[in-house]
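What follows draws every value from the coordinates through simple rules; no lab data is involved. All figures in this text were calculated on a predicted structure; none of them were measured in a lab. Note that each Cβ is placed from the backbone with ideal geometry, even for glycine, and that neighbours are counted across all protein chains shown.
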Amino acid sequence: MVAIDIEHLSKKFGDFTALSDVSIDVQPKEFVTLLGPSGCGKTTLLKLISGFLEPTDGVIKIGGLDVTHVPPEKRDTALCFQSYALFPHLTVKENLEFGPRQKKVSSSERKARIDDVSEKLDLTAQLDKLPNQLSGGQQQRVSLGRALTMRPSVILFDEPLSNLDAKLRDQVRIEIRRIQKEYGLTAIYVTHDQAEALSMSDRIVVLNDGRVEQVDSPEQLYYAPKTRFVADFIGDANIFPGEVVGAISNGLWQVETGIGSFSVTALEAPKTKSVSLCWRPESAIIDTSGIKAKVVHRAFQGHFTDLIVETNETSYRVQTKRTDAQEGDIIQFLVSPDEVILLDKDT
Amino acid sequence: MTLRRGLLIIGLLTPGLGLILALIGTVVYIAVSQSFGFYSLNGISEFSTEFWSKMVGRKIFKRSIQYSIYIGVLSAIFSVALAYPLAIWLRKPFAGSNLIGAILKAPLLVHGLVAAFLFVNVISYHGILNQFMQWLGIWSEPRRLQNDPNAYSVLILQTWKNMPFALLLLTGAVQSISDDVLDAARDLGAGKWDRFRRVIAPLTISSMQAAMVIIFIGAVADFSFQVIAGPTNKQSLSQLMVSFKGRGDWHSAAVVGVSLMMIALVGSAILAAVARIIMRGRIK
Amino acid sequence: MTMEQLNKILLISLLLICAIWLIIPFTMAVLWSLVDPSEPWTADKVLPPVISLYRWVDMWENSSLKSALIASYTLAPSAAILSLLLAMPTSFALGRLKFPGRELAKMLCLLPLVVPAFITAIFFTSLLYQLGLSSWRPGAILFAHAVLFMPFAIRIMTVSFEQVRQDHIDAARNLGASHWARFKVAYLPALKPGIFATLLIVFIQSIEEFAIAFIVGSPDIVTIPTLLYAALGQDYVRPNAAVLSLILVVPNVILMLILERLLRSANPTLSSGKG
């Protein structure tokens, strides 16, 4: 049985459409991230799943039960807020206890859950402190612990790491994933940080302007983006319009673009003659044959060199481990056909 | 701190704080002294506990104490109990919330005496309330509602006048609770009542206590409402005090006055503590 | 039922309650004040049979209304100015100087609000008798009002003084300004809204004040509240009481609205604790 089933969900605020026709299935124990730029609708979607907003259209089912019109206090979801939202007048222990007490869990079971969570999250020494006596990282963990003691079917995260400094963020990222796996929870995670999404998720839902662009594993999204937006949003991409010239062999096509000719592997024949093709800057291999480009800007980054190059007055990006190219030089490079991606044209 | 600076500070504080302390201090001092027989204005001044012992034995004194406390406590409770749901309702702005807020706070602008008059006018024997009830057919003849023995009129007036004040204090407190905290409570399974009891009440307790204490002190010491709309067979402590003074019996007036002050102080402390215990479940 | 529907229902019921709570009482008062004595307004008629300004004119000419108005409206501004002047040095100290016990001092300034009005009134009168000053009534009331309402003045002016920027003062000093010039340029702009607010609040409080005016003032000095009290007591003539009530309330409402506008446009941290 699917853990979360979202069917044709839409949300309108007056004239403004925040989400339109979103349909997603989430499997049990899966870690799914909702990723997208500000205003794409990911927070709205999270609020719909947690029950703080009611959809204009569509159905949400959790664990097979239709919860579309069920208020948050009755849904089996637990939310970790961006601001942590700890109860300022309660100690850490009382904060952790809040949810189970509401559910009328017996006091021995409550104690067991609190002991378990505080041990796993290293909060045992903090149990009698008030939230204002804790550091940011500790507050984050209490917020997580508070959701965990509920033993919810679904745990939801609303950009929980955005208030932490960079070093702490890495640590907590790993911790959250570890806890999620240990407890076997289904998790929905909202972030605008693609590095976070790529490193933590089983699958990512990429949203743009209220619509789902693509739902796939991080690897698939990176190596096989379906739309221009996804190609551009996740990692860097050089995108060029082009014309399909013809087939070179079975599964290999030649496409002519403004900067030169590319060979593309594609399982199916391209549907139209006009296509958009894209490749990642790090896919370029410096070679004596291949496309000529003039280096316009060079930035040494340590493990690679970032080059902005120009061909036929079009500038784009190339990343290489070689450090001999200087500004003003002409370089030549190839891209392996497997690493050239054909995008849906109307993106 | 140098002597010069110390003198400067004292000098600056004198016309303001100094006068306040002088006035209030003297007033309290005279009240206490007169209650013990000193500073007699029409007779000999000498220490005596006679006035206290006589007064404590008087039935009218005991009844006044009970009555004033009854008014004070109920006014405070009603005002705050009414103000809380309104403050919570008005927490987030919505269409018309400013208008409602202004209307609810309007009684703050109305003088106590005027309020008493307006009220008495409405409930008078031939007043509009009587006429309305007869027109509806609920009553067959006008009823005498004024000066009722249970002091409902006074309680209504006190609540009418004080609820806006409690609303003012509680609105600020309730709005200072972040949305996220309330959403978190909801997410963890707390319905409306639980959210109030376990999150809103504990976080707004000092405003609630301030409101209750101030309203209690004002209501316990009420004179105007009592005299105009109150029961005729009971007297509030202020009323009693003024009547003693009017008869020239300053010492008895002082006894009542000092008692009133003590009741106001002790009563406020008890009320605040009880409120805290009920709302928080423990003293912290 | 959604939040929006619930809000609408509550809004309508509240407006209904407000009609009962505010509009009806006031309408009754206005109607009663307009009753002409030629035809009394009896229970069987919904509206007064004859409406005129008779009561208003009569009160103006024949009763103590004139002297009460004069008394109230000279007492109030004087009390306001006196209160402000007395409060300034203390507010300056509390707002700009640091000294041990400052917080305690701030709390002690609120004392007059804690002692019930009638106790202050009666024993202040006793004090006057003791000191033999009982003939100096108007001055006594003025003094009492000024001190009684000083907590408001001190609180507002302290906040105002805290708002004065040190760099403005320093700049003025740097440019060689005398004490007075410094005050004018660096202090006054920040203090102005507070000064207006203080004057307004003490004015309003003084106009409305009843206990002291009644106990200390009667029978010689009549203010509008004491006149209203008398009108509600033995000589209960309903229309007269209605007239007095309106005279007391309407200017008050207007002044409070002005105050609200003033406070909103000035510093939002200035609070009066009223309205």
Taking 0.36 nm per intervening residue step and subtracting the Cα-Cα distance, what contour gain separates A:T288 from A:L130 on full extension?
50.3 nm
So if I take the centroid of the Cα atoms in segment C:114-142 and the same for segment B:129-202, what is the distance between those two points in Å?
38
Spin-label proximity, A:E109 to segment A:118-154 - amide N less than 16 Å from point 7 Å beyond Cα toward beta carbon
A:148-153
Using a Förster distance of 56 Å, how high is the FRET efficiency between C:V250 and A:M1, based on the Cβ-Cβ distance and rounded to 0.05?
0.20
The alpha-carbon center of segment A:242-295 and that of segment A:1-80 are separated, in whole Å, by 39
Indicate the helices, whole DSSP H runs only, in chain B that combine a mean Kyte-Doolittle hydropathy of 0.0 or more with a Cα extent along their long axis of 30 angstrom or more.
B:59-89, B:152-175, B:250-280
Full-extension gain in nm, A:K12 to A:A247, via 0.36 nm per residue minus C-alpha separation:
80.0 nm
Please list, or write none, the lysines whose alpha carbon is within less than 28 Å of the alpha carbon of B:K62, excluding same-chain residues fewer than 8 places away.
B:K54, B:K161, B:K234, B:K245
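Based on the mean of other Cβ atoms within 10 Å per residue, sort peptides A:24-36, C:180-192 so the most packed one is first.
Going from most to least packed, we get A:24-36, C:180-192.
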Between A:L65 and B:Q175, with labels modelled 7 Å along Cα→Cβ, what's the label distance in nm to one decimal, could you check?
3.8
Suppose R0 equals 25 Å. What FRET efficiency, 1/(1 + (r/R0)^6) with r the Cβ-Cβ distance, do C:I258 and B:L108 give to the nearest 0.05?
0.95
Partner lysines for C:K184 [C-alpha distance under 30 Å; skip if fewer than 8 residues away on the same chain]
C:K98, C:K106, C:K192, C:K274
Rounded to one decimal in nm, the spacing of the 7 Å Cα→Cβ label points at A:D193 and C:A181 is 5.7
What does the charge add up to near A:V70, with Lys and Arg as +1, Asp and Glu as -1, over the other residues with Cβ less than 15 Å from its Cβ?
-1
Give me the one-decimal nm value for the distance between modelled label points at B:Y152 and C:I195, 7 Å along each residue's Cα-to-Cβ direction.
5.3
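Around A:G145, what is the net charge, scoring Lys/Arg as +1 and Asp/Glu as -1 over all other residues with Cβ under 15 Å from its Cβ?
Combined, the nearby Lys, Arg, Asp and Glu give +1.
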Angle, helix C:238-265 long axis vs. longest principal axis of chain C, Cα atoms, 0 to 90°, nearest 10?
30
Using Cα centres only, tell me the gap between segment B:219-262 and segment A:172-231 in whole Å.
74
Report the FRET efficiency, 1/(1 + (r/R0)^6), for B:L7 and B:S206, where r is their Cβ-Cβ distance and R0 is 41 Å, rounded to 0.05.
0.65
Which shape class, rounded, prolate or oblate, goes with the protein assembly as shown when its Cα gyration tensor gives a ≥ b ≥ c as root eigenvalues, a/c under 1.5 marks rounded, and past that a/b bigger than b/c marks prolate?
prolate
Apply the a/c threshold of 1.5 to the C-alpha gyration tensor of segment A:98-196 and tell me whether it is rounded, prolate or oblate.
oblate
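Based on the mean of other Cβ atoms within 10 Å per residue, sort peptides B:106-116, B:51-61 so the most packed one is first.
B:106-116, B:51-61
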In the neighborhood of A:Y189, defined by Cβ-to-Cβ distances under 12 Å, what is the net charge if each Lys or Arg adds +1 and each Asp or Glu adds -1?
-2
Show which aspartates and glutamates lie in cross-link reach of A:K74 when reach means a straight Cα distance below 20 angstrom and same-chain residues fewer than eight apart are skipped.
A:D5, A:E54, A:D66, A:E97, A:D158, B:D179, B:D180, B:D183, B:D187, B:D194
Checking the a/c ratio against 1.5 first, then a/b against b/c, what shape does the Cα gyration tensor give for chain C?
oblate
